[in-house]
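Here is the structure we will look at, set down as structure tokens.
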Amino acid sequence: LKEYVSAGLPKESDMAVVTTTTKLKLPEGSGGVLVKNLYLSCDPYMRSRMTKHDSASYVDPFNPGEPISGFGVAKVLESGDAKFKQGDLVWGMIGWEEYSLITSIQYLFKIPTTDVPLSYYTGILGMPGMTAYAGFYEICSPKKGETVFVSAASGAVGQLVGQFAKLAGCYVVGSAGSEDKVDLLKNKFGFDGAFNYKEEPNLDAALKRYFPEGIDIYFENVGGKMLDAVLLNMKIGGRISVCGMISQYNLVQPEGVQNLMYLVSKQLRMEGFLVTKYFPLYGKFLELVLPHIKEGKIIYVEDVVEGLENAPSALLGLFAGRNVGKQVVVVSRE
Ligand code: NDP
């Protein structure tokens with residue numbers, strides 16, 4: 001990142017690819033690890049880190065002039081911490097660079113199995129996967145037969161929430177921003193229904209078409225007008241997992257939600273969450289999801305871009321909906 005970006009959509013020119021020479025050596029006595037980066041994850045929350053904000057926010061802003069940091073997959077070249085050794089494959093917080101010296105290893109995890117694609121640890125088996133798991137199972141407590149609505153449903157988190165909902169015996173409908181994505185939802189991920197929100201003049205009417213009796217669970221990824229229409233269509237006693245509100249991230253002024261009072265009249269539980277709180281459940285999550293991946297019962301679509309130099313455009317593509325599935329950037333395949 002060159003300089004902080006204020007409100008609005010960032011541009012590719014706000015970021016730069018820089019070549020420097022450096023010694024690939026872990027400093028003496030360092031408790032960190034030196035890694036070679038393999039795959040980078042593009043995530044919507046990274047937008048908030050491009051703007052200078054106070055430390056009250058849950059995640060610190062990037063430091064202009066330094067490499068962007070984010071979730072990814074890497075190989076350990078040298079380790080000053082007993083938890084990791086040379087050759088280990090890890091996922092967690094790394095830098096958008098070819099090699100990283102990681103001194104804070106709180107969010108660095110050893111990769112437990114390599115019999116699935118390594119890039120999955122940026123998505124289904126990494127932070128977005130844990131987000132879908134915690135946000136759906138922990139926050140929404142789904143029951144068989146309930147009705148579930150997911151927005152940004154074809155993305156890194158949404159595609160998995162939909163498949164979890166089917167595994168839990170629910171009826172699930174998703175919204176996405178193109179006909180191709182709608183097709184993926186219905187024909188690849190097994191959603192019971194899906195619609196292109198950009199083609200719906202009236203979101204309330206669209207939701208009534210799919211949920212004539214109302215929605216039990218809403219997995220919120222977009223906010224704004226969609227949340228407003230969903231509130232009108234929730235059943236009494238419903239649950240809303242507030243995962244994110246991507247439609248608001250680049251606005252100068254957030255849009256006003258008109259229907260918030262329905263939280264009261266319908267006695268709804270609308271709960272926000274940060275995935276990091278649920279990282280201790282990673283083992284439980286793998287037990288659930290790995291067998292399903294191996295048996296082909298859960299599938300995962302990735303949008304893979306080659307080369308660190310293409311990372312800025314891939315990141316910004318999230319806000320235009322250019323990504324089809326989890327946006328991954330390959331820095332190196334080994
Ligand atoms: P996705 O892979 O879904 O990519 C983002 C998608 O959002 C785009 O492809 C686009 O799809 C959609 N989108 C972009 N702009 C808008 C808009 N103005 N209105 C509606 N949809 C839009 O991202 P993720 O799955 O990684 O993230 C989904 C949500 O989860 C985000 O809100 C993110 O911030 C949140 N999140 C929260 C976490 C937590 O700890 N609470 C952790 C991880 C993610 P389309 O073509 O359908 O418009």
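Some notes on this structure:
- Rounded, prolate or oblate (a/c below 1.5 giving rounded, otherwise prolate when a/b exceeds b/c) for the stretch 1-138 by Cα gyration tensor: oblate
- Overall form of the stretch 127-276: rounded. Here a/c, set by the Cα gyration tensor axes a ≥ b ≥ c, is under 1.5.
- Counted by Cβ distance under 11 Å from Pro67, the other residues give a net charge of -3, where Lys and Arg count +1 and Asp and Glu count -1.
- Annotation for the stretch 236-307: GluC sites (Glu not before Pro) lying in DSSP loop with at most 13 further Cβ atoms inside 10 Å of their Cβ are Glu295.
- Residues Cys140, Cys243 arranged by fewest to most Cβ contacts within 10 Å: Cys140, Cys243
- Note on the chain: with a GNM built from Cα contacts shorter than 10 Å, the maximum mean-square fluctuation among Val157, Val289, Val230 falls on Val289.
- Peptides 59-69, 160-170 ranked from most to least packed by the mean count of surrounding Cβ atoms within 10 Å: 160-170, 59-69.
- For the stretch 145-203 and the stretch 231-293, distance of Cα centres in Å: 15 Å
- Counting other Cβ atoms within 10 Å as a rough exposure proxy, the listed residues Ile240, Ile124 run Ile240, Ile124 from fewest neighbours to most.
- Between Tyr121, Gly162, Gly70, the Cα set farthest toward the positive side of the dipole of the chain (charges on each charged residue's Cβ, about the Cα centre) is that of Gly162.
- Taking the convex hull of the alpha carbon positions in the chain and averaging its projected area over all directions gives 17.0 nm².
- Each DSSP beta bridge with both residues in the chain is either parallel or antiparallel, and the antiparallel ones are about 50%.
- Additional length obtainable on full extension of the chain from Thr22 to Leu9, 0.36 nm per residue less Cα span: 1.4 nm
- Across the chain, C-alpha contacts under 8 Å between residues 6 or more apart give a mean separation that, scaled by the residue count, equals a relative contact order of 18 percent.
- Residue order for Ile102, Ile246, Ile94, fewest other beta carbons within 10 angstrom first, comes to Ile246, Ile102, Ile94.
Computed from the coordinates by the stated procedures, all read-outs in this text should not be read as laboratory data. Remember, it's a predicted structure, so these values are computed and weren't measured experimentally. FYI the Cβ positions are ideal-geometry reconstructions off the backbone, even for glycines, and counts take in every protein chain you see.
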